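Q: Here it is, the structure, as structure tokens.
The values are calculated or read from the model by the stated rules, or taken from the named source; none is laboratory data. Since we're looking at a predicted model, the values are computed, not measured. Cβ placement follows ideal geometry from the backbone for every residue including glycine, while neighbour counts extend to all protein chains displayed. Accessible surface areas use protein heavy atoms only, side chains included; no ligands, DNA or RNA. Shrake-Rupley method; radii C 1.70, N 1.55, O 1.52, S 1.80 Å.
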Amino acid sequence: MEIRDAAYKTEDIMESHISKNFGQESFHERQIRDQTFCENFVIVADEIDSIKMTAAKLKESWGSTDLYQSKRTSLPTGQSRLASSGKSAMVGFHDDLNQIVDQLTGYPPTRKVIPIIGMGGIGKTTLAKNVYNDPRITEYFHIRAWASISQEYHEREVLLSLLNSMKQLSAEILQEEETGKLKECLYKSLYGRSYLVVMDDVWTPKAWDSLSNIFPDDRNGSRIMLTTRLLSVVDSLGSPHRMRFLNATESWNLLRREVFGEDSCPVGLEEAGKEISDNCKGLALSLVVIGGHLSKANGTKDHWEYVAQNVKLVVNATDENCLDILSLSYDYLPHYLKACFLYMGVFPEDDEIRVSKLIKLWAAEGFVKPVRDKTLEEVAKEYLGDLISRNLILISEKSSSGKVKTCSIHDLLRDFCIRKAQQEKFFHATVTDKDFRIFAEGRKYSRRLCIHPDIFHKELSNRDASNGNPSMGSLPPVRSILCSSSGSKIYESGDQNFFPLLRVLDLAKEKVVDFPIGEIKLVHSRYLAFSSDGKISIPKILPDFLWFLQTLIVDCKEVHLPEEIWRMPQLRHLLFGLCYFPCPARSPIDGENSVLGNLLTLSKVSSSSCTTEVFERVPNLNKLGILIERVVLTPFSIGNLVNLPQLETLKIEGEYIHDDVPINFNFPTNIKSLTLGGCRISWKHMANVGSMPNLEELKLKYDATVGPEWEPTEGEFCKLKFLLLDGIDLVRWRADETHFPGLERLILRGCSYLEEIPCGIGYIPTLEIIELDDASPLAVTSAKQMQEEQERLGNDSLQVHFHNTYYFSRLKRKEAEAAICGSNDNTLLLKSTKQFHTYLLYDQNKEIIPGVAPRLLEFLDRDDYPQLQCAAALAISKISILSDGINMLIDHGAVPIMVSLLSSPEDVLREQALEILGNFAHGSTKSRDLVLSYGVLTPLLELFNDKTKLSITRKAVKTLSKLCYGEPQPQFEQVCLPIAFLYYFDAYL
């Protein structure tokens, strides 16, 4: 801890000095600052020397101490996990048990190793015990032996455990010190007999390597079963049996049995009980611990509901051993992976984390160490793979190329990360209101702050030093801020330079109003992400304030980059909604090296910026996204991309899908992944795409192509593994196995005109999966026939999946409409209204059954049930954008109701009322005049005050403008007041 604090101090002193030297000051001021820097550095250096002396003394004292007594004269500690006492109760893994029993008792006769792998607490040992004591196993094997290995592998203890479980542990053997003789004894006891040996909780290949030779292979069906958390332990032992999480039914059955045994659960506790089991997220350890707590606690409904909302808190409070089990995996991590793992706690609970973002953040934080001939991103992916193989990080979704796209972490592990991180001052997380009371103290020391919903506004609003909460300005050590909401409050709260040492600032989850990118001084920043409305012009001063920036993410309509961007050689990733990249050749910067050699990602960039001069100066670009604008009159030349020798991923979109996009088709040969959308290119140009020698992944999205027929040529798409046709108006597809010889996965989404999938596609030997999502009935029929034919030929590996999102959405929406019209149950009404709103998004062109609109308008009067009011307002807002929705709502008296809602105390109701009234006004001049006739302007203008949220004010401006728009124009007397109002209060625009 002292070493860490000293390192932090050193880092703070040096980076503060660098940060301040970027400012403008006189020679005298700089001289004083340099003197202060030297004095502080001497103090920290003295602290480090003192720590080194203390460490040397400790090392000397430890060297004279026997930290582990190698000779044991009692039973080994591994005996505590011996499986001979009968079955451990098991729920949910009966299929797993039968699979493993079949492997243990089946072919081949030669000795075989069966590994079981999974995260800590998932139930590996319980499964192994049940297999070990299964009657089929006890009858099949002559001898069974069990040993628990643990992190500290001690060979003598393991050998004694095995001998003891075989009833071969005599007093003489117990006194034996030489492991060689113990091995000989064990080998002789097993020789010539069929045996099952279980090595439980193995942490290192060393354990298996040192013992594998003492297990004889007499070709009599002997087996060895290993349980481990680490894939690296069993890499050389064949395919492991991977443990899964329990599903909802299995989780509830396990919890119920732990609490009530063979008795049933009282009806009044069942709903809360199922919520508890769901919140354990399928982890057997959590369910067992919670079950133990509930079996002894007060069995009231209130207590069960409390536990349901506080599962992690109860688990950790009930059994400290639970956290110890999880901490074993953390303690065993190499130092460079510990920071990466703890960092998983900064993301919100149940968040599916994009791997691309995680890797960028790890690199920006400095967790990833450079390796010769590898990029930081490649090294970070190796780190991620290591953590996945250790079952600490879960794979949520894979990309079409089979790479990990999103990942997650179990709630209990995330809670461990948060606790450990706050102990280590690694980061401080504010997750719920309960954390607010410790925020003020904890944030003073933490290097990173992660702020989750509804907390940050509360924390920043309390900046009065008199109440003991320090202002954000008093937190210079903070290196990272990651906000899942309310990010704009940082720069609406005062001094924009109160985090001078910041490296990571992630505000991308919520729109930030007027982000001061040209004003904030973040010279140490490596990662900056924010969202905004409209257009942004990045100022020329950017390199001076963000010199070390690696990743810049700006989610907005349009970004104009300055020429000075070429003075930022550390840039690695630039991600925008759309950006205009300056051409250095037109305005060269004297004396500067205008090559961005580290830039790997650029997306989306305007096609007008895709010039030879630009691409020659980003030679290592790996991923590129291009938006072809309608204003481009000359063909966009893909030939310019030949200047990008490292480019592997290319995405090209046309801005306006109703016009053919002029493209010169000469794709670079090194591209592996190509996505086209809105380009409206002819199918004949697919020959150019098919001839790309390294293309493995092709995605053709909405209006990427034009024409009813596609007939590829033999010899094309030689390396293509993945093909997506999404929203393509293809009618006839003439192809067979010779056209896509290496295809593994085919996805057809929204191809409603396709007559059939060519039957020859089914004969592609590598094809594994065909997915059809909202495809035509003819295409579905052909896919079924293809699968049946392949099954008749003995090919059972081809999987065909069907999804009909539109049909499902329509069905669910009809169910919701029926409930809205016919039910009086509040809970069902709320659920059905939300469901109606959700599924209306997917099925907007279908008729809404009579009675829904007046019923939803009726719900707006339910002041006693604000949740239902808000849900109804959101649903009505969606109806108001349908072709017949405006007339339907007006006919049922929606206008005066919406006008009255402008005075509602609920922000959601006011915001949705503005949206709906704006849609009415925009729909026709008749409906616009009707809205004006109900006196909408008075309550609308009252919204323009200091207490109204900015988002509502903006929506009010839009609605006001719609009320003044249209031909014929409204009567001047009706709109003169708002026009004058807007003129004098233009600050709200």
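Q: Please name all residue pairs, on different chains or six or more residues apart, with Cβ atoms under 8 Å, provided the first residue is in region 274-301 and is in contact (Cβ under 8 Å) with a residue 40 or more places away in the chain and farther than 20 Å from E262 by Cβ and the second residue is among the aromatic types (F, W, Y) and open to solvent by 50 Å² or more (accessible area, probe 1.4 Å).
A: Matching pairs, first to second residue: K281/F245; L283/F245.
Q: Is there any pair linking a residue in region 707-719 that is open to solvent by 70 Å² or more (accessible area, probe 1.4 Å) to one that is of a type outside the set (D, E, K, R) and in a loop (DSSP other than H, G, I, E, B), with Cβ under 6 Å and at least six apart or on different chains, and which?
A: Going by the 6 Å Cβ cut-off, the qualifying pairs are E714/T738; K719/G742.
Q: Next question, about the same structure. When you check G121 against the structure, is it open to solvent by 10 Å² or more (accessible area, probe 1.4 Å), at positive phi and at pLDDT below 95, yes or no?
A: Here the answer is yes, as G121 does meet what is asked.
Q: Any residue at all in region 667-675 that's in contact with a Lys or Arg (Cβ under 6 Å, 6 or more places away or on another chain), surrounded by fewer than 20 Cβ atoms within 10 Å (Cβ to Cβ) and either at pLDDT 85 or above or of a type in the set (K, R) (or both)? I'd like the intermediate steps shown before the answer.
A: In the first step, residues of region 667-675 are kept if they are in contact with a Lys or Arg (Cβ under 6 Å, 6 or more places away or on another chain); the result is 675.
Restricting the remaining residues to those that are surrounded by fewer than 20 Cβ atoms within 10 Å (Cβ to Cβ) gives 675.
Next, from what is left, pick out any that are either at pLDDT 85 or above or of a type in the set (K, R) (or both): 675.
Checking region 667-675: at least one residue is in contact with a Lys or Arg (Cβ under 6 Å, 6 or more places away or on another chain), surrounded by fewer than 20 Cβ atoms within 10 Å (Cβ to Cβ) and either at pLDDT 85 or above or of a type in the set (K, R) (or both).
Q: Determine which member of the set L932, L902, L909 is under 32 Å from the mean Cα position of the chain (by Cα), open to solvent by less than 40 Å² (accessible area, probe 1.4 Å) and more than 24 Å from K814 (Cα to Cα). Explain how you work it out, then say what you get.
A: Values: L932 fails: under 32 Å from the mean Cα position of the chain (by Cα); L902 fails: under 32 Å from the mean Cα position of the chain (by Cα).
Just one listed residue meets the conditions, L909.
Q: Could you check region 317-370 for helices (runs of 4 or more DSSP H) lying wholly inside it with 1 or more residues that are open to solvent by 10 Å² or more (accessible area, probe 1.4 Å) and under 22 Å from R526 (Cβ atoms)?
A: Filter on region 317-370 gives 335-342, 355-365.
Q: If you take the residues of region 743-787 that are open to solvent by 20 Å² or more (accessible area, probe 1.4 Å) and farther than 30 Å from R810 by Cα, which of them is modelled with the lowest pLDDT?
A: Only one residue tops the list, namely C759.
Q: Can you name the residue in region 173-202 that is in contact with a Ser or Thr (Cβ under 7 Å, 6 or more places away or on another chain) and either at pLDDT below 95 or in a strand (DSSP E or B) (or both) and, of all such residues, is farthest from L97 (Cα to Cα)?
A: Ranking the qualifying residues of region 173-202, first place goes to Q175.
Q: Against the condition open to solvent by 70 Å² or more (accessible area, probe 1.4 Å), in contact with a strand residue (DSSP E or B) (Cβ under 9 Å, 6 or more places away or on another chain) and either part of a strand (DSSP E or B) or among the hydrophobic types (A, V, I, L, M, F, W, C) (or both), how does F802 come out, does it pass?
A: yes
Q: What single numbered condition from (1) loosely packed, with under 14 Cβ neighbours inside 10 Å; (2) not in a loop (DSSP other than H, G, I, E, B) fails to hold for Q790?
A: All conditions pass for Q790, except number (1).
Q: Still on this structure: Any residue at all in region 193-201 that is within 31 Å of the chain's Cα centre (by Cα) and surrounded by 12 or more Cβ atoms within 10 Å (Cβ to Cβ)?
A: Yes; the residues of region 193-201 include at least one that is within 31 Å of the chain's Cα centre (by Cα) and surrounded by 12 or more Cβ atoms within 10 Å (Cβ to Cβ).
Q: Only one of these is modelled with pLDDT of 90 or more and over 23 Å from E382 (Cβ atoms): A284, A339, A317, A297. Name it.
A: A284
Q: Something else: Hey, any hits in region 221-235 for a residue that's over 41 Å from the mean Cα position of the chain (by Cα) and either closer than 22 Å to I122 by Cα or surrounded by 17 or more Cβ atoms within 10 Å (Cβ to Cβ) (or both)?
A: Within region 221-235, one or more residues are over 41 Å from the mean Cα position of the chain (by Cα) and either closer than 22 Å to I122 by Cα or surrounded by 17 or more Cβ atoms within 10 Å (Cβ to Cβ) (or both).
Q: Can you tell me how many residues in region 232-281 are more than 22 Å from L387 (Cα to Cα) and β-branched (V, I, T)?
A: At the first step, the residues of region 232-281 found to be more than 22 Å from L387 (Cα to Cα) are 247-279.
So of that shortlist, the ones also β-branched (V, I, T) come out as 249, 259, 267, 276.
Residues that pass the stated criteria total 4.
Q: So the check is Cβ under 6 Å with 6+ separation or different chains; which pairs have a first residue in region 204-219 that's on the phi < 0 side of the Ramachandran plot and a second one that's loosely packed, with under 14 Cβ neighbours inside 10 Å and in a helix (DSSP H, G or I)?
A: Listed by first residue and then by second, the contacts come to I214/Y187.
Q: Tell me, please, whether a residue that is surrounded by 14 or more Cβ atoms within 10 Å (Cβ to Cβ) and at pLDDT 80 or above can be found in region 65-72.
A: Scanning region 65-72, I find no residue that is surrounded by 14 or more Cβ atoms within 10 Å (Cβ to Cβ) and at pLDDT 80 or above, so the answer is no.
Q: Looking at region 597-607, can you tell me whether even one residue there is surrounded by fewer than 17 Cβ atoms within 10 Å (Cβ to Cβ) and modelled with pLDDT under 90?
A: Checked region 597-607: no residue is surrounded by fewer than 17 Cβ atoms within 10 Å (Cβ to Cβ) and modelled with pLDDT under 90.
Q: Further, regarding this structure: Select, from S150, S88, the only residue that is farther than 22 Å from D217 by Cβ, modelled with pLDDT under 90 and in contact with a strand residue (DSSP E or B) (Cβ under 6 Å, 6 or more places away or on another chain).
A: S150
Q: OK, next. Could you grab me the full set of residues in region 541-574 that are without any contact (Cβ under 8 Å) to a residue 60 or more places away in the chain, outside any loop (DSSP other than H, G, I, E, B) and not β-branched (V, I, T)?
A: Those that are without any contact (Cβ under 8 Å) to a residue 60 or more places away in the chain, outside any loop (DSSP other than H, G, I, E, B) and not β-branched (V, I, T): L542, P543, L552, D555, E558, H560, E563, E564, W566, R567, L574.
Q: Moving to a separate point now. What's the number of the only condition in (1) open to solvent by 10 Å² or more (accessible area, probe 1.4 Å); (2) in contact with a strand residue (DSSP E or B) (Cβ under 9 Å, 6 or more places away or on another chain); (3) closer than 21 Å to R111 by Cα that R136 fails to meet?
A: R136 satisfies every listed condition except (2).
Q: So which residues in region 824-851 are hydroxyl-bearing (S, T, Y) and either surrounded by 14 or more Cβ atoms within 10 Å (Cβ to Cβ) or modelled with pLDDT under 80 (or both)?
A: Answer for region 824-851, where residues must be hydroxyl-bearing (S, T, Y) and either surrounded by 14 or more Cβ atoms within 10 Å (Cβ to Cβ) or modelled with pLDDT under 80 (or both): S832, T833, T838, Y839, Y842.
Q: When region 96-130 is examined, which residues are found to be touching a residue at least 40 places away in the same chain (Cβ under 8 Å), among the small types (G, A, S) and under 26 Å from Y191 (Cβ atoms)?
A: Once the filter is applied, which keeps residues that are touching a residue at least 40 places away in the same chain (Cβ under 8 Å), among the small types (G, A, S) and under 26 Å from Y191 (Cβ atoms), region 96-130 yields only A128.
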